[in-house]
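Just so it is clear, none of the values below were taken in a lab; they were calculated from the coordinates. Keep in mind that what you see is a predicted model, and the values were worked out from it rather than measured. Here the Cβ positions follow ideal geometry from the backbone for every residue, glycine too, while neighbour counts run over all protein chains shown.
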Amino acid sequence: MEENLHKKLVNKEPLAIRQFVNDHKNVVFRTCMGYVQNEDDANDITQEVLIKVIQSIHQFKAKSSIKTWVTRIAINLSLNYIRDNKKHNNKTKLEKADYFLSDEESESDYSLSREEIKKNLSEAISQLPERQQEAFILFHYNDYSYREISEITGDSESSVESLLQRARKNLQKKLAVFYTENFM
Amino acid sequence: MNCKEIEIWLYDYVEGRISDSRKTSIEKHLSTCNDCKMQLRVLKETLSVIEEQKTLTPADNIDSYVLDAILSNNERKTIRLNNFRWIQQIAAVILIAFSIGSGIFIGNNLYQPETYSSESNFWSNELYIENTGSIDIETILYE
């Protein structure tokens with residue numbers, strides 16, 4: 001981060017704050033979205049993250065990039081939010097899907113509603129082990145490279161790759177369980 | 001290739017990270033197995049949901065909310081964005097207050113002391129007699 005902007009943020013100059021928020025809000029929002037799977041909650045956490053980042057900006061020592069630091073805070077606050085709101089979390093048991101007759105595909109009698117897919121994606125991601133969840137969300141929601149993920153998480157790039165593969169396999173298994181319970 | 005193996009390789013197949021020979025085996029299996037075909041569809045739909053979620057953006061005025069919170073030096077003050085629940089709650093309170101107020105107003109207007117004139121013939125016997133003195137109720141009712 002350029003020194004001038006850093007100084008302006010420390011001094012809480014409004015234009016600098018606006019610029020910083022607009023530069024980083026999407027990255028933060030997508031990270032939060034990956035965790036909470038809900039727009040309203042993601043917006044709430046995004047606000048909190050940006051406020052916290054700006055108020056703590058004097059502590060930023062530029063050992064990593066600002067984007068890495070901001071993402072790390074977004075992950076931590078998202079996890080805190082989930083823990084604090086566990087009962088309000090969008091966790092649902094894998095339930096039977098609402099069946100819809102498919103007009104398009106001939107190979108199957110059943111189709112899935114988009115809402116069912118979203119619900120089960122949310123459930124599947126939330127059930128991933130924390131490090132796999134982290135790698136999955138950073139890769140798929142933020143399009144971070146292995147190197148960027150490794151900077152954020154502290155894992156080596158090869159560990160990130162391995163975590164990602166396992167996350168995908170686990171996700172696939174959980175979706176298969178959903179399918180088995182609902183269609184077989 | 002059996003269904004268990006398909007389950008393992010399906011993600012890589014969808015992402016195109018698979019050898020040609022394995023791809024051929026998977027497609028051969030999918031051509032005859034409706035269950036695996038359905039699983040493939042579930043996975044593709046799921047990945048498309050993720051792609052859709054990536055296009056979402058935060059609330060338009062988030063910079064203003066953040067700025068206000070920082071300048072007011074209240075780091076816990078966050079305002080629910082894109083959620084009109086608080087508006088509904090305020091509206092409910094106003095409605096209840098209005099209803100109570102209306103009820104009181106209407107109640108006050110409905111309750112009136114009984115000041116019927118002698119020309120009104122259909123009120124209580126006791127009241128009429130009181131107002132008109134000697135005229136009896138039967139005469140009044142059948143006039």
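Numbers at a glance
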{"item": "Cross-link pairs beyond the 20 Å C-alpha cut-off, checked among A:LYS12/A:LYS61; A:LYS86/A:LYS119; A:LYS86/A:LYS118; A:LYS169/B:LYS44; A:LYS118/B:LYS4", "result": "A:LYS118/B:LYS4"}
{"item": "Segment A:THR68-A:ASN22, length gained on full extension (0.36 nm per residue, minus Cα span)", "result": "14.9 nm"}
{"item": "Distance (nanometres) between label positions extended 7 Å along Cα→Cβ at B:SER19 and A:LEU79", "result": "3.8"}
{"item": "Extension gain from A:LYS12 to A:GLU161, taking 0.36 nm per residue of separation minus the Cα-Cα distance", "result": "49.7 nm"}
{"item": "nm² value of the averaged projected area, convex hull over the Cα atoms of the stretch A:136-175", "result": "2.6"}
{"item": "Neighbouring partner chain Cβ atoms per residue of A:36-44, average, 10 Å criterion", "result": "5"}
{"item": "Evaluated over the stretch B:16-61, the Cα radius of gyration and Dmax, each in Å", "result": "16.0, 52"}
